[in-house]
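Only the coordinates and a few stated rules stand behind these numbers; no lab work does. Please read these numbers as outputs of a predicted model, since none were measured by experiment. Every residue, glycine among them, receives a Cβ derived from its backbone with ideal geometry; neighbour counts consider all protein chains shown.
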Amino acid sequence: MTSCTVSAAASGTWVLGDLTVNRIGFGTMRLPQTGPALVPDATPRDREQAIAVLRRAVELGVNHIDTAAFYFSRLRSANELINSALAPYADDDLVIATKVGPARDASGEWARSARPDQLRGQVEENLRQLGRDHLDVVNLRIMGQNSISEHFGALTELRNAGLIRHLGLSNARLEHLNQAQAIAPVVCVQNRYGIDSPDGGVMFRACAARGIAFVPFFSIAGQGREAGAVRAEHDEVRAVARAHEVSSAQVRLAWILQRGGHVLAIPGTGNPDHLVDNVAAGALRLADEELQLLNSIGHRAS
């Protein structure tokens, strides 16, 4: 496979509410820093490299970008980088999804999650940083609470006021989805899911049944989570990668995409070569026996 010729369009499309996106998108969590993300002492990434990666992603057909105001390191903010790289957003097809709920203070330490009455301030912060008059998709990132009705209701009011176009959930359980759908439409759910984290299957299936996009995170990093793909790769993944002469990351992404047409991948990187590699995964088709081999990893982990 020649990665440099592959467009994100090869992954197919999905409609988020009324917004059509290619199923391979781009996540910006890793963009503001090198090394582990979301830690106070992260080393800022070279600014020009980060901007170049964003512009290259759009050139490759990526039109679904995932971000958050709390994606920042010392001197770098994912939202500000997006604004600098892509504003004035001439591409009408570009969909930017963000998250609200958690907060970090100026030093990068995690603060208490926002109350319902504080969500407007977080939405306005994203608008200001991105340089937009509305947000395409806002996901409520759930931080352990059992009831989200007040929080989701507050976001619904902001949607009705025109600040938000569509709403989603992140880190959600099935009861959260039920609570949210009783208030307003949900266009996507972002949950941890991948070859070696099969515990997300309940929400994966619920989203498929309800016509909701399922957006996995840590699908490449796996158990490494914010630190990235730092653990030894499974033999099964390496074997499939060798057979196709591709990277293990491509195999993981192809597996995710072949789980269902409602799945949207948002792999993140600050490395331009890794970006091209990730986008190319949208054209990789795994055989049934290869999918079964990869599925066996999750059966061992469950």
Subject >> Coil-residue trypsin sites (Lys or Arg not before Pro) of region 61-148, DSSP, other Cβ within 10 Å capped at 11 >> reply: 112
Subject >> Approximate spin-label separation residue 49-residue 146, in nm, with each point projected 7 Å along Cα-to-Cβ >> reply: 4.7
**OP:** Taking the Cα centre of the chain as origin, work out the dipole magnitude from +1 charges on Lys and Arg Cβ and -1 charges on Asp and Glu Cβ, in debye rounded to 20.
**Re:** 380
Original post:
Arranged from highest to lowest average of other beta-carbon atoms within 10 Å per residue, in what order do the peptides 15-22, 169-176 appear?
Top reply: 169-176, 15-22
**OP:** At most 15 other Cβ atoms within 10 Å and a DSSP loop assignment: could you name the chymotrypsin sites (Phe, Trp or Tyr not before Pro) in region 89-156 that fit?
**Re:** 89
Original post:
Using θ = phi - 60° and the Karplus curve 6.51 cos²θ - 1.76 cosθ + 1.60, what whole-Hz ³J(HN,Hα) does each residue of region 250-262 get, with Gly and Pro shown as x?
Top reply: 4, 5, 4, 5, 4, 4, 4, 5, 7, 5, x, x, 8
**OP:** Report, by chain and number, residues whose modeled amide H sits under 5 Å from the one on residue 260, excluding near sequence neighbours (fewer than 5 apart, same chain).
**Re:** none
Original post:
Given H placed on each backbone N at 1.01 Å, which residues far from residue 215 in sequence or on other chains put an amide H within less than 5 Å of it?
Top reply: 189, 190, 191, 264
Original post:
Taking Cα atoms, how many degrees apart are the long axis of helix 119-130 and the longest axis of the chain, rounded to 10 and kept between 0 and 90?
Top reply: 60
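Just from its helices, what would the mean residue ellipticity at 222 nm be for the chain, if runs of 4 or more DSSP H residues each count -39500 (n - 2.57) and the sum is divided by every residue, rounded to the nearest 500 deg cm²/dmol?
On the way: 10 runs with 108 residues, N = 302.
Computed ellipticity for the chain at 222 nm equals -11000 deg cm²/dmol.
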**OP:** Once you've got the GNM for the chain with C-alpha springs shorter than 10 Å, pick whichever of 265, 78, 90 has the biggest mean-square fluctuation.
**Re:** 90
Original post:
GNM on the chain, C-alpha springs below 10 Å: top fluctuator among 211, 101, 27?
Top reply: 211
**OP:** Pop out the ³J(HN,Hα) list for region 33-47 in order, Karplus 6.51 cos²θ - 1.76 cosθ + 1.60 with θ = phi - 60°, rounded to Hz; leave Gly and Pro as x.
**Re:** 8, 9, x, x, 8, 6, 10, x, 9, 4, 7, x, 7, 4, 4
Original post:
In degrees from 0 to 90, rounded to the nearest 10, what is the angle of the helix 288-301 Cα long axis to the longest principal axis of the chain?
Top reply: 60
Subject >> Relative contact order of the chain, pairs being alpha-carbon contacts under 8 Å that are 6 or more residues apart, as % >> reply: 21
Original post:
Any idea what angle helix 201-210 forms with the longest principal axis of the chain, computed on alpha-carbon atoms, 0 to 90 degrees, nearest 10?
Top reply: 70
**OP:** Pop out the ³J(HN,Hα) list for region 18-29 in order, Karplus 6.51 cos²θ - 1.76 cosθ + 1.60 with θ = phi - 60°, rounded to Hz; leave Gly and Pro as x.
**Re:** 10, 10, 8, 10, 6, 6, 9, x, 9, x, 9, 4
Original post:
What residue among 156, 103, 146 has its Cα farthest toward the positive end of the dipole of region 87-165, where the charges are +1 on Lys, Arg and -1 on Asp, Glu, each on the Cβ?
Top reply: 146
**OP:** Please work out the C-alpha center-to-center distance from region 27-104 to region 134-148 and express it in whole Å.
**Re:** 19
Original post:
If amide H atoms are built 1.01 Å from N in the plane of the peptide, which residues on other chains or at least 5 residues away come under 5 Å of the amide H of residue 139?
Top reply: 98, 99, 100, 168
Original post:
Can you tell which of 233, 124, 289 shows the greatest fluctuation in a Gaussian network model of the chain with Cα springs below 10 Å?
Top reply: 289
